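Presented below is the structure to which this report refers.
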Amino acid sequence: MATPAPAASLTFSRQPHPAPMAAAQRAEILANPGFGTKFSDHMVSVHFDEALGWHSAEVLPYGPIALDPAAAVLHYAQEIFEGLKAYRLAGNGADGGIALFRPEANAARFNASATRLAMPTLPDGLFVAAVKELVKADKDWFPTVEGGSLYLRPFLFATEAFLGVRPSKQYRFLVIASPAGNYFKSGAPAVSLWVSDYSRAAPGGTGAAKCGGNYAASLVPTAEAFARGHDQVLFLDAVERQWIEELGGMNLFFVMADGSIVTPPLGGTILPGITRESLILLAREEGLTVREERYSLAQWRSDATSGALTETFACGTAAVVTPVGKVTSETDSFMIGSGGPGQITQKLRQRLVSIQRGEAADPHGWVHRID
Ligand SMILES: *Cc1c(COP(=O)(O)O)cnc(C)c1O
């Protein structure tokens with residue numbers, strides 16, 4: 001689908017909230033934010049219409065939206081999203097300014113997802129501009145807890161009222177913000193994984209797109225993992241049912257005793273994580289060999305048991321790096337290393353977090369200052 005209006009022609013009109021949350025109530029939330037349950041005072045909204053292109057860019061009071069019951073998204077799930085964090089820089093000469101981590105990478109992935117779901121792509125610069133508008137409007141919404149951030153959720157969905165099956169001609173792009181606590185205060189707890197019999201993505205499907213539909217399909221497998229007492233679900237490839245793909249919302253890395261690292265390759269059935277890509281680069285800079293190649297459940301079990309594999313971790317924006325301690329499938333169960341976070345896991349996590357927080361040099365220009 002063609003994408004008209006360049007971002008430069010879009011200026012955001014600002015409609016401040018007439019009754020923002022009282023400071024005392026906000027302070028209470030910011031001291032104990034949790035994840036994804038409280039939202040800031042504003043949201044960003046941009047409309048798309050096939051005839052008009054992108055239009056009506058606004059910063060609005062956060063609140064319910066009107067949607068026609070026939071809106072295409074409610075029937076055929078034409079919806080995509082992103083997740084990124086704004087945080088306050090701290091430490092070593094940093095001045096407490098606000099930053100985003102690689103927002104252009106989220107913008108590029110958003111457009112790749114849009115293309116897969118037959119949706120219009122955002123014009124250059126609009127994604128990052130929209131996110132910045134919201135962060136500036138709600139800069140008083142940063143958690144006061146150590147390691148807290150303002151989690152940003154940009155999303156795009158089909159709004160045309162039409163029950164025929166074809167791409168919608170109208171869409172709405174929204175960005176909302178939710179204060180988020182630190183996943184890890186000190187040592188990250190290792191998680192227990194359940195190897196699902198369900199598939200997350202098949203070749204030619206939507207596995208590489210960040211779309212709500214993928215998540216809807218992962219709810220039953222995740223509930224099954226929880227019911228069996230595990231923390232996360234692990235998906236194998238849909239064809240041979242032996243190659244490790246990823247978790248419901250995180251990519252995986254396998255650390256060998258010789259210090260080399262393996263991570264599943266991007267083949268269209270796993271989500272191209274920005275944390276994944278960043279960690280591959282950082283690991284290589286640390287002198288570690290990283291191979292993007294297929295790794296089977298059987299090999300993993302055998303390597304973990306023999307000691308050839310010492311660590312496994314999952315990664316994603318929300319939790320950054322999560323060590324894996326135990327893996328269970330229908331047939332058996334095995335431990336990873338000592339069952340706690342390994343040295344390389346902790347080192348890579350520390351490298352990434354210190355760049356994100358402005359405590360270490362940022363040679364790749366990943367940290368995007370907002371003010
Ligand atoms: C978002 C997501 C990830 C992690 O991506 P990041 O860019 O690192 O946050 C991994 N897997 C799935 C299925 C995801 O939706």
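The values are calculated or read from the model by the stated rules, or taken from the named source; none is laboratory data. Keep in mind it's a predicted model, so treat the numbers as computed, not measured. Every residue, glycine among them, receives a Cβ derived from its backbone with ideal geometry; neighbour counts consider all protein chains shown. To get the accessible areas, we keep the full protein, side chains included, count just its heavy atoms, and leave off ligands, DNA and RNA. Shrake-Rupley method; radii C 1.70, N 1.55, O 1.52, S 1.80 Å.
Name, by its number, the condition in (1) within 30 Å of Leu30 (Cα to Cα); (2) at pLDDT 95 or above that does not hold for Pro189.
Result: Pro189 passes all but (2).
Can you find a residue in the stretch 170-181 that is at pLDDT below 95 and either open to solvent by 10 Å² or more (accessible area, probe 1.4 Å) or away from the ligand (no atom under 16 Å from the Cβ) (or both)?
Yes - at least one qualifying residue is present in the stretch 170-181.
I need a count of the residues in the stretch 42-86 that are of a type outside the set (Ser, Thr, Tyr), away from the ligand (no atom under 16 Å from the Cβ) and part of a loop (DSSP other than H, G, I, E, B).
The total comes to 12.
Cβ-Cβ under 6 Å, sequence separation 6+ or interchain: first residue in the stretch 300-325 and among the hydrophobic types (A, V, I, L, M, F, W, C), partner near the ligand (Cβ under 9 Å from one of its atoms) and part of a strand (DSSP E or B). Which pairs?
Ala314/Leu247; Cys315/Asn251; Val321/Cys315
Could you please find all residues in the stretch 268-282 being in a loop (DSSP other than H, G, I, E, B) and within 8 Å of the ligand (Cβ to nearest atom)?
Once the filter is applied, which keeps residues that are in a loop (DSSP other than H, G, I, E, B) and within 8 Å of the ligand (Cβ to nearest atom), the stretch 268-282 yields Ile270, Leu271, Pro272, Gly273.
Restricting the search to the stretch 189-231, which residues are of a type in the set (S, T, N, Q), touching a helix residue (DSSP H, G or I) at 6+ places or on another chain (Cβ under 8 Å) and within 11 Å of the ligand (Cβ to nearest atom)?
Within the stretch 189-231, the subset of a type in the set (S, T, N, Q) is 192, 196, 199, 206, 214, 218, 222.
Subsequent filtering for residues that are touching a helix residue (DSSP H, G or I) at 6+ places or on another chain (Cβ under 8 Å) retains 196, 206.
Residue satisfying the conditions is Thr206 alone.
So, of the residues in the stretch 256-267 that are within 29 Å of Ser338 (Cβ to Cβ) and surrounded by 16 or more Cβ atoms within 10 Å (Cβ to Cβ), which turns out to be farthest from the ligand (Cβ to nearest atom)?
Among them, the one singled out is Met256.
Could you please find all residues in the stretch 287-302 being surrounded by 13 or more Cβ atoms within 10 Å (Cβ to Cβ) and touching a Gly at 6+ places or on another chain (Cβ under 9 Å)?
Leu288, Arg294 - these are the residues of the stretch 287-302 that are surrounded by 13 or more Cβ atoms within 10 Å (Cβ to Cβ) and touching a Gly at 6+ places or on another chain (Cβ under 9 Å).
Just one of Leu52, Leu84 is under 21 Å from the mean Cα position of the chain (by Cα), within 28 Å of Glu160 (Cα to Cα) and either assigned by TED's automatic domain parsing to the domain that holds Glu104 or modelled with pLDDT of 95 or more (or both); which is it?
On the way: Leu52 fails: under 21 Å from the mean Cα position of the chain (by Cα).
It is Leu84.
When only residues in the stretch 9-36 that are open to solvent by 70 Å² or more (accessible area, probe 1.4 Å) and closer than 18 Å to Gly147 by Cα count, which is nearest to the chain's Cα centre (by Cα)?
That would be Phe35.
Of these, Ser306, Ser354, which one is modelled with pLDDT under 95, more than 16 Å from the ligand (Cβ to nearest atom) and either open to solvent by 60 Å² or more (accessible area, probe 1.4 Å) or out of contact with any Phe, Trp or Tyr (no Cβ under 8 Å at 6 or more places or on another chain) (or both)?
Exactly one residue qualifies, and that residue is Ser354.
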